[in-house]
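Quick notes on the structure that follows.
The values are calculated or read from the model by the stated rules, or taken from the named source; none is laboratory data. What you are looking at is a predicted structure, and each value in this text was computed from that prediction instead of being measured. Here Cβ is always computed from backbone atoms with ideal geometry, including for glycine, and neighbour counts include all displayed protein chains. Just the protein is used for accessible areas: all its heavy atoms, side chains included, with ligands, DNA and RNA removed. Shrake-Rupley method; radii C 1.70, N 1.55, O 1.52, S 1.80 Å.
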Amino acid sequence: MLEAARRELARDPDSRLEDIAGAAGVARRTVYGHFAGRAALVEGLAAEAAEAIRLAVTSAPAASSDAAADLARFVLTVWPVGDRYRTLIRLARGQDLLPAHVDELLAPARDLVSGLLTHGRRQGVFQATVPPGPLSRAIEAHLLPLLDCVNQGTWSDDGTGAATAALIAAGVAPDTAAAKVDHVRRTGSPSSPF
């Protein structure tokens, strides 16, 4: 049912439970047997997304001697999760998810990125104008609209562009960022430090 809900809500954020039940091939009362209503169904999707984010964060490798590669690797790892649950971005705008709930859902990723930014500042590869916590939120605020562009069909990305954008936002030169992401994408490991 959650898979059908994800598809239907991506197609039309105003989909009703009847639409979702039809897409799942079940009766509406079957949906109500699992979820008290549309809000509970959206909460189910949010819980599933939170678990996927938690798994991505816990599977992230320990910080290496190349913080830029670490950040690129994390964005490349979490991008498919964001892509899978990108419809939640639209639902958050429509009051289906409260902003505090979205904050809670994204907190583990935000905390990890903040740690990577702190590590990268010590290495001298990330800008030091904005503290890591706020910069982590700024990068998040940059990546979520990119996911929404994918949702709307105005952009297509496998995470490469998003990871490059995250590195640039962190203060890495565009050409260096693109090369770093390309290397991580091809090898899964850091290239030689800058």
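Yes/no per residue for (1) more than 13 Å from the chain's Cα centre (by Cα); (2) more than 30 Å from Ala177 (Cα to Cα); (3) of a type outside the set (Val, Ile, Thr):
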{"residue": "Arg6", "(1), (2), (3)": "yes, yes, yes"}
{"residue": "Asp14", "(1), (2), (3)": "yes, yes, yes"}
{"residue": "Ala24", "(1), (2), (3)": "yes, yes, yes"}
{"residue": "Phe35", "(1), (2), (3)": "yes, yes, yes"}
{"residue": "Ala50", "(1), (2), (3)": "no, no, yes"}
{"residue": "Gly82", "(1), (2), (3)": "no, no, yes"}
{"residue": "Thr87", "(1), (2), (3)": "no, no, no"}
{"residue": "Ala100", "(1), (2), (3)": "yes, yes, yes"}
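Failed condition for Ala21, given (1) surrounded by 15 or more Cβ atoms within 10 Å (Cβ to Cβ); (2) touching a residue at least 24 places away in the same chain (Cβ under 8 Å), with all others met?
Looking at each condition in turn, Ala21 falls short on (2).
Return the pairs, sorted by first residue and then second, in which the second residue is in a loop (DSSP other than H, G, I, E, B) and of a type in the set (A, V, I, L, M), the first residue lies in the range 134-162 and is over 15 Å from Val78 (Cβ atoms), the beta carbons are less than 9 Å apart, and the residues are 6+ apart or on different chains.
These pairs meet every condition: Leu135/Ala170; Ala138/Val130.
Do you know which of the residues in the range 126-146 that are β-branched (Val, Ile, Thr) and surrounded by fewer than 22 Cβ atoms within 10 Å (Cβ to Cβ) is nearest to Ala162 (Cα to Cα)?
Val130
Based on this model, can you work out whether Arg110 counts as open to solvent by 50 Å² or more (accessible area, probe 1.4 Å) and in contact with a Lys or Arg (Cβ under 8 Å, 6 or more places away or on another chain)?
Answer is no for this residue.
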